[in-house]
Amino acid sequence: MPLQRSVPLLFDGAFGTYYLTVTGDRAPCELGNLTNSEAVLKIHKAYLAAGAQALKTNTFVANPVQIPDPQKLRRVITAGWGLAGEAAGSSHVPVYADIGGNDAKTAEEDYQVVAGLFLELGAKHFLFETISEFAPLLPAIRKIRATVPDAVILVSFAVSQDGFTQRGLHYKPLLTAAMQHPAVDGAGLNCVCGPSHMVHLVKALEPMPKPLVVMPNAGYPSYRNGRIIFEDNAEYFAQKMETIYESGATILGGCCGTTPNHIRLLRRMLDSPRPCPRREPEELPEQYLIQEESASTLGPHKPIAVELDPPLDADCTFILSAAAQLKACGADLITVADSPLSRTRADSIMTAAKIYREVGIPTMPHISCRDKNRIALRAGLLGASFEGIRHALAVTGDPMPASDRAGGVFSFNSFNLISFISGMNQEVFQDAPLEVGGALNINALNFGTELDRARRKLERGATMLFSQPIFSDQAVENFLRARQELDCKLFAGILPVAGYKNAVFLLNEVSGIEIPDQVIQSLKDKGRQESAEISIQYSLGILRRVYDAADGIYIMTPLRRVDIVQGLIHEIGRFGK
């Protein structure tokens, strides 16, 4: 029976991340079909009880690459099909053969093998998900359609926040190709992106001729005690999915990090959809629009570092202009992030070098360990040195999305990177050493452990630490404790949020950010002007509590809102008067 574009269909949520949470089993969840069938069955039933109208088999990585033994592969798929069918029972809920993305050279053949096994079992519904290119699917899709003419076939692509797959293909042509193929009943996006970025991708689409599939991750993962985890943000997820639904997606569900609770709230939203009011931006109050000529009015202040994100494209106009404005109003150092949230941006070292050359303000690129081996890190640091860069912030880097089975390259962690730079200071940078900074997680649940990590960074050569944003009373206490226990230059991290949506996004989708509910609620339903005032005043209130203990101030620019940072720096200048 063909799918109807106007009728919503709700799939279940993540299996792998939820299976790990429930069982603690770090082995591929697909093997649980054989080793822990009771847990697999319970998870399927939990999603059904939450309101799912379609189940995916627990077979995402059940393919010849991950399970090369043909007989074992057959057993895993057979068991997965049987458990999902047993859970569905007589409920008439369709069971979709879940076939995950495969970027191996043998992908075309592998897709056919897996599809063939499901066809033997009697499958009539198929979901190809987390796909990076469409062409390798075509033989398997033709095979399914030839064997079961009335089969339902869905294709879902995995793209990063900028809309590109791991293969470097943009999502719009991919969706067009899939939607136009006569054997495909619906297509869309899943995984990699959290719900907020998925909203932007969906809104940028033209109306689709077939049902649009959207199943984002719960958000972006945190890295704790060697484990990648997702925060519980079901209400936030449902709110974002409401916007996605109203933007035209009718086949919904969740990917990594989602749970039965996410699906339960999503079901509730579908049963009673609500409109999402949109407000026009307002002008920022004049007192926060600091012009260059006013820079001389600033009083003495502790060093101020301001973080800017490098561009997503080849246009560096904004970041150069922003750096010049920040220099004019009193900033002492510009820090340049290194592809935060694993979203590809211009190289942090090259961007920092360009700012230093053209704006004339000292810069500090973030140097992350992700996707750089020893050779690449050394090469970048050598280039930074002869460009006149004298500061570096060593960070491990945000983890790759859980859907990226290959994972990121982490030859170093932040401790090893600090040691590596310190070694280069002794070896090749004796005349112009790099001053190395490290990050301090002021919001760590076990701050004693975080302080031990900080001491290790200092022992390895770091001379300054930059805290994550300070929002809560506990974060203030942690910062003051760090001042008492650590012997280094300590910068207080301040993030003046751009508004309510920005605050909610940071809380739900960015690792390590803790924003008190009263702050978020104070921004709700406020326009651009009121939000800026509230954000600046709250940031100043926090800063006054830690100012005497801080050696410097580290301001993170929210959503390119340089004007808010200018306003904050202007007010900080009054501290010395």
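Between segment 299-347 and segment 450-474, the C-alpha centres lie 22 angstrom from each other. If the cut-off is 20 Å between C-alpha atoms, which aspartates and glutamates fall inside it for Lys327, apart from same-chain ones fewer than 8 positions away? Qualifying aspartates and glutamates at Cα under 20 Å: Glu286, Glu292, Glu293, Glu307, Asp309, Glu358, Glu387, Asp551, Asp563, Glu571. If both residues of a DSSP beta bridge must be in the chain, then about 10% of such bridges are antiparallel. Its alpha carbons considered, segment 452-577 gives a radius of gyration followed by a Dmax of 14.9, 47 Å.
Each Lys and Arg contributes +1 and each Asp and Glu -1, all at the Cβ; summed about the Cα centre of the chain, the dipole is approximately 780 debye.
Once backbone amide H atoms are built at 1.01 Å from N, Leu189 has Phe157, Val213, Val214, Met215 as its partners under 5 Å, excluding neighbours fewer than 5 places away on the same chain.
For the chain, the mean residue ellipticity at 222 nm estimated from helices alone is -13000 deg cm²/dmol, where every DSSP H run of n ≥ 4 contributes -39500 (n - 2.57) and the total is divided by all residues, rounded to the nearest 500.
Among the DSSP helices (H) of the chain, those spanning at least 24 angstrom by Cα along their long axis with an average Kyte-Doolittle hydropathy of -0.5 or more are 70-88, 528-546; this is a geometric and hydropathy rule only.
In the context of the full protein assembly, Met464 retains an accessible surface of approximately 10 Å², using a probe radius of 1.4 Å and ignoring ligands and nucleic acids.
When the alpha carbon gyration tensor of the chain is reduced to an equivalent ellipsoid, the three semi-axes, largest first, read 46, 26, 22 Å.
Where the centroid of each part is defined by its Cα atoms, how far is segment 89-133 from segment 152-194 in Å? Between the Cα centres of segment 89-133 and segment 152-194 lies a distance of 16 Å. Here the convex hull built on the C-alpha positions of segment 360-518 has a volume of 139 cubic angstrom per residue. The separation of segment 513-577 from segment 3-46, counted between C-alpha centres, amounts to 42 Å. Overall, segment 419-577 carries a charge dipole of about 260 debye about its Cα centre when +1 sits on the Cβ of Lys and Arg and -1 on the Cβ of Asp and Glu, all other atoms neutral.
The values are calculated or read from the model by the stated rules, or taken from the named source; none is laboratory data. Please read these numbers as outputs of a predicted model, since none were measured by experiment. Note that we place each Cβ from the backbone using ideal geometry, even for glycine, and neighbour counts take in every protein chain shown. Side chains included, ligands, DNA and RNA excluded: accessible areas come from the protein's heavy atoms. Shrake-Rupley method; radii C 1.70, N 1.55, O 1.52, S 1.80 Å.
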